[in-house]
Amino acid sequence: MNRRGPRRNHTPLEDTVDHRPVRHLISIDDLDDADLHALVARGAAFSAGTAGRPAPLAGDVVGIYFSKTSTRTRTAFSSGSLRLGAQLISYGPDDLQLNTGESSEDTGRVMSGMLDVLVARTAGDPAEMRSWAAQDRMAVINAMSADEHPTQALTDLTTLQRRFGRIEGLRVLYLGEGNNTASALALALTRFPGVTLELRTPPGYGLAAAFRERAAEQAARSGATFHERHDMLDVPADQDVVYTTRWQTTGTTKPDPNWRQVFAPFQVTTALWEASPKAVFMHDLPAHRGDEVTAEVLDGPASIAFVQAENKMHSAMAVLEWCRRGPVPAGEHLP
Ligand code: CP
C-alpha cells in the first residue's frame, strides 16, 4: 500500500527543475514485497562489500533534518549519502522556520525545489512527512517518527539476512516496549513466510492497535506467526533471535512514576539463553545496561548489536539508492 499524498500542481517555475521520479519511505507499508526484499538484499550486499562502489546520488543534494537526538541514524544517512556521491545540507532542531510557525506544507514545497532527498526525524506522526512527500519531487525518508522507525526495521532485516542467510522461518522473541522500533519490526517480519514473531510487552506498553492488527493480518496472509503477550510466563524456547530496545524510547517520557516496576520482568538476561542457546541478541541502541539488558548479554558472545548498528549505514545506502534509482539487484554495480 502506498500512502503518498495527492500530487500538488506545480507552478511553471517549479516545473523548470528537472526531477527524476522519486520514491518515499515513510512507513514499511509504503513498500510492496518486492521492494522490501530488494532493499534487504541490497543492504546486505553493501554490508558484505559485494555492491561495488556505486555513485547513484552523484549531483544530488540530500537534506538531513533531525528534530530529535540521534547517533546512528543521522550518521548512517549522512555517511551513506556522501559515499553514494551526494552532497549534504544538515539541519538541527533549531534551524528551520517550522519553529516560528511556518507550515509543514510550505516547508515541503520550498525544500522540494532545492533538495533531491530529505531524511527526517521528527517527534510527530507521519502526517507531517506525508505533507512533505505530497510534492512528489523530493524523496522523503522517515528516520524515525513517533509511531514508526522503518529504516531501523530495514537495518534489522539486513542484519538477519547477513547472519542467517534468510529471513523466512526465523523465530524472533521481542521483549520490551511496543514502540516505534517494535512497530516497524512487526510490519516487516510478518511479511515473511514461516517467521514466528512473539512480542512480550509490559502491560499498558504494547503495540498500538493499528500496528498489531496489521501485523496479524499480514502474518495470516504470508504464513508467518505473530503473537503479543504482556507477561513473561511460558516464554518460547529455541529462538533464533532475542531483541530488545531501551525502555525510554527517544523523545518520549512515561507519565506513570512506577513504570520501572512494570518493565523490570522484561529485562533481557542470560537466563533466556538456557532455553535458546543458539539465539543471537539484537538491540537497536542506544542501550542502558542494567535496564532493558544486562551488560553480560549486550557485551557477551551472543550479541550482534554493534554489527546491527554498523549495518544502519549499509541499509541507509540501499534506501537512498532505491529512492533515487528504484530497486537495484543486490549484486549490480551502478556507475
Ligand atoms: N537506533 C537508532 O535509531 O539510533 P539513533 O537514535 O542513535 O539514531
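Among the residues of region 114-146, those that are over 23 Å from M317 (Cβ atoms) and either touching a helix residue (DSSP H, G or I) at 6+ places or on another chain (Cβ under 6 Å) or among the basic types (K, R) (or both) comprise E128, R130, S131, Q135. When S47 is tested against the conditions (1) at pLDDT 95 or above; (2) of a type in the set (S, T, Y); (3) more than 22 Å from the chain's Cα centre (by Cα), the lone failure is (3). Applying a threshold of 7 Å to beta carbon distances and a minimum spacing of six or more residues, or different chains, the list of pairs starting in region 73-101 at a residue that is charged (D, E, K, R) and ending at one that is within 16 Å of the ligand (Cβ to nearest atom) reads R74/I64; R74/F66; R83/M317.
What do you reckon, is R137 of a type in the set (K, R), over 27 Å from T69 (Cβ atoms) and not assigned by TED's automatic domain parsing to the domain that holds T252? So R137 fits the description; yes. Among the residues of region 53-94, those identified as outside any strand (DSSP E or B), within 16 Å of the ligand (Cβ to nearest atom) and within 15 Å of M313 (Cα to Cα) are S70, T71, R72, T73, R74, T75, A76, F77, S78, S79, G80, S81.
The residues of region 66-122 that are in contact with a strand residue (DSSP E or B) (Cβ under 9 Å, 6 or more places away or on another chain), hydroxyl-bearing (S, T, Y) and farther than 17 Å from S145 by Cα, listed by number, are S78, S81, S90, S112.
Residue-by-condition table, conditions (1) within 17 Å of the chain's Cα centre (by Cα); (2) surrounded by fewer than 18 Cβ atoms within 10 Å (Cβ to Cβ):
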| position | (1), (2) |
| --- | --- |
| N179 | yes, no |
| P203 | no, yes |
| A210 | no, yes |
| F226 | no, no |
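Given T252, T244, which one is within 15 Å of L197 (Cβ to Cβ) and under 21 Å from the mean Cα position of the chain (by Cα)? None of the others qualify; the one that does is T244. The criterion of at least 1 residues that are under 18 Å from I167 (Cβ atoms) is met, among helices (runs of 4 or more DSSP H) falling completely within region 218-335, by 305-325.
Could you tell me whether region 119-132 includes any residue that is at pLDDT 95 or above, away from the ligand (no atom under 16 Å from the Cβ) and surrounded by fewer than 21 Cβ atoms within 10 Å (Cβ to Cβ)? Taking every residue of region 119-132 in turn, none turns out to be at pLDDT 95 or above, away from the ligand (no atom under 16 Å from the Cβ) and surrounded by fewer than 21 Cβ atoms within 10 Å (Cβ to Cβ). When region 122-144 is filtered for residues that are free of Cβ contacts under 8 Å to residues at least 60 places away in the same chain and assigned to a loop (DSSP other than H, G, I, E, B), the ones remaining, listed by number, are T122, G124, D125.
Considering region 283-303, and only residues there that are of a type in the set (A, V, I, L, M) and surrounded by fewer than 18 Cβ atoms within 10 Å (Cβ to Cβ), the residue that is nearest to the ligand (Cβ to nearest atom) turns out to be L285. For the residues L173, L199, L185, the requirement of being assigned to a helix (DSSP H, G or I) and modelled with pLDDT of 95 or more singles out L185. Residue selection: R163 satisfies the criterion of being more than 16 Å from the ligand (Cβ to nearest atom), of a type in the set (D, E, K, R) and not in a loop (DSSP other than H, G, I, E, B).
The values are calculated or read from the model by the stated rules, or taken from the named source; none is laboratory data. Worth saying up front: this structure is predicted, and the values here are computed from it rather than measured. Here the Cβ is made from the backbone with ideal geometry for all residues, glycine too, and neighbour counts use every protein chain on show.
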